[in-house]
There are 2 protein chains.
Amino acid sequence: MTATTEGELLPQPAAAEIELVKVLHALGDPVRLQLFQVYAAGGEYDCSSERLGVMHLHKSTVSHHMKVMREAGITSTRAAGRVRYVQLRRADLDARFPGLVAALLAARE
Amino acid sequence: MTATTEGELLPQPAAAEIELVKVLHALGDPVRLQLFQVYAAGGEYDCSSERLGVMHLHKSTVSHHMKVMREAGITSTRAAGRVRYVQLRRADLDARFPGLVAALLAARE
C-alpha cells in the first residue's frame with residue numbers, strides 16, 4: 001500500500017461503461033477471484049505484493065490477470081515508473097451494481 | 001413452464017458444493033447471463049422456449065450453455081423423455097450466496 005498518487009492511470013472503462021458480463025467473466029477465475037478479495041481490503045497493491053497470495057505464479061501471469069480485471073472495470077492501475085499499483089474500484093462497482101461486491105465478499109468462503 | 005414433476009434430475013452439485021468461482025464463470029457469458037435472467041422469473045423452461053430469447057442460436061449451443069449452468073449449480077435440469085426442463089436453483093443459490101442473485105438481477109440493465 002502507498003499513500004502517493006503519482007503516476008498515470010492505465011486505460012480503463014468509465015464507471016457507466018462497466019459491463020456486468022465482463023465483471024463476472026473476470027471474476028470467474030480462481031486467481032482473479034482471490035485477487036479481488038485481497039483488493040477488497042482496500043489500498044493499493046503492486047504486483048509483487050506478498051499479500052496478494054500469488055507468489056507461486058509467474059509475474060507475467062499475474063500481470064495478465066491484473067489486465068483482465070482492469071479492462072473489465074474491476075480495478076484501476078496506476079503506473080509509477082515501472083511499478084504498477086492496483087486498487088479495487090469499489091465506489092464505481094457499488095454505484096453500478098449495488099450489493100454485488102458485498103454479496104461476492106460474503107459468499108467467498 | 002409446466003406443472004409436472006415427472007422425469008429424472010440430471011447430475012448436479014449438491015447445494016453445499018456449489019462454488020462461487022464456477023457460478024461466476026458460468027454467468028460470465030452473454031448468453032448464459034441472459035438465460036439466468038429469464039430463469040430467474042421462475043418456473044421451468046425447455047430448450048426451445050421462445051421466452052429464452054435464444055432462437056437465433058443452434059440447439060446444440062443452447063444445450064451446451066444449459067449444461068455449463070447445471071454443472072455450476074445454477075440450474076437444475078429435469079429430463080422427461082427427450083425434453084429437458086430447466087429451472088434456476090434460486091433457493092440453493094440464495095442459501096449458499098446470500099444476496100448474490102438479487103444483486104445480479106438488479107444489476108442487469
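The values are calculated or read from the model by the stated rules, or taken from the named source; none is laboratory data. These numbers come from a predicted model, not from an experiment. As a convention, Cβ positions derive from the backbone with ideal geometry for all residues, glycine included, and neighbour counts pool all protein chains shown. Accessible surface areas use protein heavy atoms only, side chains included; no ligands, DNA or RNA. Shrake-Rupley method; radii C 1.70, N 1.55, O 1.52, S 1.80 Å.
Counting only heavy atoms of protein chains, what accessible area per residue, in Å², does the protein assembly as shown have with a probe of 1.4 Å? Before the final figure, lay out each step's value.
Details: 11020 Å² over 218 residues.
Per-residue value: 51 Å².
What does the C-alpha gyration tensor say about the overall shape of the protein assembly as shown? Classify as rounded when a/c is under 1.5, otherwise prolate if a/b is larger than b/c, or oblate.
On the way: a/c = 2.45, a/b = 2.24, b/c = 1.09.
Since a/c reaches 1.5 and a/b is larger than b/c, the shape of the protein assembly as shown is classed as prolate.
Could you go through segment A:19-25 in sequence order and give the Karplus-derived ³J(HN,Hα) for each residue, using 6.51 cos²θ - 1.76 cosθ + 1.60 with θ = phi - 60°, rounded to whole Hz, and x for Gly and Pro?
Per-residue couplings from phi come out as 9, 4, 5, 6, 5, 5, 4 Hz.
To the nearest 20 debye, what charge dipole does chain B have about its Cα centre, counting +1 at the Cβ of each Lys and Arg and -1 at the Cβ of each Asp and Glu?
160 debye
Quote to one decimal, in nm, the extra length available between A:L9 and A:V38 on full extension: 0.36 nm per residue of separation minus the C-alpha distance between them. If you can, show how the numbers build up before the last one.
Details: separation 29, 0.36 × 29 = 10.44 nm, distance 2.02 nm.
Result for the pair: 8.4 nm of gain on full extension.
Compute the label-point distances linking B:A14 to its equivalents in the other copies; points lie 7 Å from Cα along Cα→Cβ; give nm, one decimal, shortest first.
So the distances to the same position in the other copies read 5.0 nm.
Let me see the P(r) profile for chain A: every Cα-Cα distance counted, bins of 10 Å, each bin given as a percent of all pairs.
14, 51, 31, 3
Ignoring everything except DSSP H segments at least 4 long, calculate the 222 nm mean residue ellipticity for chain A; use -39,500 (n - 2.57) per segment, divide by total residues, nearest 500.
Values: 5 runs with 47 residues, N = 109.
Value at 222 nm, helices only, nearest 500: -12500 deg cm²/dmol.
Does any residue of segment A:68-109 lose at least 20 Å² of accessible area with all protein chains in place compared with its chain alone, and if so which ones (probe 1.4 Å)?
Buried by 20 Å² or more upon assembly, which counts only protein chains, are A:R96, A:F97, A:P98, A:L100, A:A103, A:L104, A:A107, A:E109.
If I compute solvent accessible area with a 1.4 Å probe over the protein chains, what percent of it on chain B is carbon and sulfur?
Details: 2950 of 5510 Å².
Carbon and sulfur atoms account for 54 percent of the accessible area of chain B.
Between B:H25, B:H56, B:H64, which gets the highest mean-square fluctuation from a Gaussian network model of chain B, Cα cutoff 10 Å?
Answer for the Gaussian network model of chain B: B:H56.
At B:P98, label 7 Å along Cα→Cβ: distances to the other copies, nm, ascending?
Reported distances to equivalent positions: 1.9 nm.
Which residues of segment B:18-39 end up with at least 10 Å² less accessible area in the presence of all protein chains than when their chain stands alone, using a 1.4 Å probe?
B:L20, B:V21, B:L24, B:H25, B:L27, B:G28, B:P30, B:L33
Buried accessible area between B and A (1.4 Å probe, both chains summed, ligands and nucleic acids excluded), in Å² to the nearest 100?
On the way: alone 6290 and 6290 Å², together 11020 Å².
Buried area (both sides, nearest 100 Å²): 1600 Å².
So the label point sits 7 Å from Cα along the Cα-to-Cβ vector; using that for A:Q34, what distances do you get to the other copies, in nanometres, sorted shortest first?
3.5
Put A:K67, B:K59 in order of accessible area, largest first, 1.4 Å probe: what do you get? Walk me through the intermediate numbers first.
Details: A:K67 100, B:K59 130 Å².
Solvent-accessible surface, decreasing: B:K59, A:K67.
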